[in-house]
Every structure is written in structure tokens, then in C-alpha cells.
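Visitor: Please see the structure below; I have some questions.
Laboratory data are not the source of any read-out in this text; all were calculated from the coordinates shown. Since the structure is predicted, the reported quantities are computational estimates derived from the model, not experimental observations. Don't worry about glycine lacking a Cβ; one is built from the backbone with ideal geometry, like all the others, and counts go over all protein chains shown.
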Amino acid sequence: MDIKLQQCFISVDDHDKALAFYRDALGLQVRNDVGYEGMRWVTVGSPSQPDTEIVLEPPLADPNASPADKQAMVELLAKGMLRGVNFSTDDVDATFERIRAAGGEVLQEPIDQPYGVRDCAFRDPAGNMVRFLQRMSG
């Protein structure tokens, strides 16, 4: 049996701002853009990983959710308390500089971690943490 990751989901409150980050700053491809019942889902992915996608979804993708539940999700998203995603890169310092130059909100500048990676972190326009890591040799 061969099991592979196909999709992960990230909540966003403004798909156009999210696209400016994930597509324009990170260079991910838009694979799908679907609207349904007043909501929107945009699927993006790395050109080097055609079988793996990130779905940018509304904070509470349930048309039957109560107003209180929707508000709770919006508040959690604004605090950065929902999902995040980690990317690997072959040059974390160059990746950091490119994203910072594109206006990314820096959470952590590149640093060598004791568990064998050099990484940095940003917050996407919706508040999600997005981390970039490079495995250290040796």
C-alpha cells in the first residue's frame, strides 16, 4: 500500500490577498478556483510537486454553521490559531529574502535549529504561520 499526501487545507479570510502571497510571493501555481454557495476554494501547489495541493478555504466552510461558530472561527484565524504549513527549500536565506521583499510578515528570521534544519517563518495575510526549512548537511 502506497499512501501519499494529496491535499492540505488552510483557512483564509480573503482569497485575493491569499493569492498575492501563495501565488505571487511564493510562486505556487493556481490549480483550481471554485465558488459554491457564496464561498470560495482556491487550490495551489508547487510546480515541482504536481500531486500535492494546498486548498485555501473559507474559515468555516459549512453553510449550516451558526453565526456564533462562524465568528469564533474568524477570531481564531485572526489570532493565527488555525492551521499552518511547512515548506522545504534548498536555500532558506534566499527564500526568506524573496518573501520579505514581497511584503511577507516576518515571524522568524532564518536560524539554525538544534534538530538539523535552518528555518524561518512568516504569517500569511489571514494570520496562518507559514514556515520554510532547509535541511542542514552533516
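Visitor: If you fit an axis through the alpha-carbon atoms of helix 92-101 and take the longest principal axis of the Cα set of the chain, what angle between them do you get, 0 to 90°, nearest 10?
Guide: Its long axis makes an angle of about 50 degrees.
Visitor: Still on this structure, please answer the following. Please identify, among Phe122, Phe87, Phe21, the residue showing maximal mean-square fluctuation in a Gaussian network model of the chain using a 10 angstrom Cα cutoff.
Guide: Phe87
Visitor: Where both residues lie in the chain, what percent of DSSP beta bridges are antiparallel, nearest 5?
Guide: Values: 22 of 31 bridges.
Around 70 percent antiparallel, to the nearest 5.
Visitor: Tell me, what is the FRET efficiency for Gln7 and Val30 to the nearest 0.05, using R0 = 25 angstrom and their Cβ-Cβ distance as r? Spell out each step's value before the answer.
Guide: Details: r = 14 Å, r/R0 = 0.57.
About 0.95, to the nearest 0.05.
Visitor: Which percent of Cα pairs goes in each bin when the distances of the chain are cut into 10 angstrom slices starting at zero?
Guide: Taking every Cα pair in the chain, the percentages come to 11, 39, 34, 13, 2, 0.
Visitor: Which value in deg cm²/dmol, rounded to the nearest 500, describes the helix-derived mean residue ellipticity at 222 nm for the chain, given -39,500 (n - 2.57) per DSSP H run of n ≥ 4 and division by the residue count? Provide the component values of the computation, followed by the final result.
Guide: Details: 3 runs with 27 residues, N = 138.
That comes out to -5500 deg cm²/dmol.
Visitor: Still on this structure, I have one more. Which one, Asp90, Asp24, Asp119, has the greatest fluctuation when you compute a Gaussian network model over the chain with C-alpha springs under 10 angstrom?
Guide: Ranking Asp90, Asp24, Asp119 by mean-square fluctuation puts Asp90 first.
Visitor: Along the positive direction of the dipole of the chain (beta-carbon charges: Lys, Arg +1; Asp, Glu -1; about the Cα centre), which of Gln134, Phe122, Ala20 reaches farthest?
Guide: Gln134
Visitor: Given springs between every Cα pair under 10 Å in a Gaussian network model of the chain, which of Val44, Val34, Val55 has the largest fluctuation?
Guide: Of the options given, Val34 has the highest mean-square fluctuation.
Visitor: If packing is taken as the average count of other Cβ atoms within 10 Å, what order do 47-53, 124-130 fall into, highest mean first? Mind dumping the intermediate values first?
Guide: Details: 47-53: 10.9, 124-130: 20.6.
Packing order, densest peptide first, comes out as 124-130, 47-53.
Visitor: Right, here's the next one. Between Met136 and Ala102, with labels modelled 7 Å along Cα→Cβ, what's the label distance in nm to one decimal, could you check?
Guide: Going from the Met136 label point to the Ala102 one covers 2.7 nm.
Visitor: While we're on this one: What lysines does Lys4 reach when the alpha-carbon gap must be under 30 Å and sequence neighbours fewer than 8 apart in one chain are set aside?
Guide: Answer for Lys4, where 30 Å is the Cα cut-off: Lys17, listed by chain and number.
Visitor: Still on this structure, please answer the following. Could I have the simple spin-label model distance between Asp14 and Glu37, label points 7 Å from Cα toward Cβ, reported in nm to one decimal?
Guide: Each label point is offset 7 Å from its Cα along the Cβ direction, giving 2.6 nm.
Visitor: Ok, one more. Using Cα pairs closer than 8 Å and at least 6 residues apart in sequence, work out the relative contact order for region 7-135, in percent. Write out the running numbers ahead of the final one.
Guide: Details: 234 pairs, mean separation 32.8, N = 129.
Averaging sequence separation for qualifying contacts and normalising by length gives 25 percent for region 7-135.
Visitor: Sticking with this structure for a sec: Taking Cα atoms, how many degrees apart are the long axis of helix 67-78 and the longest axis of the chain, rounded to 10 and kept between 0 and 90?
Guide: 20
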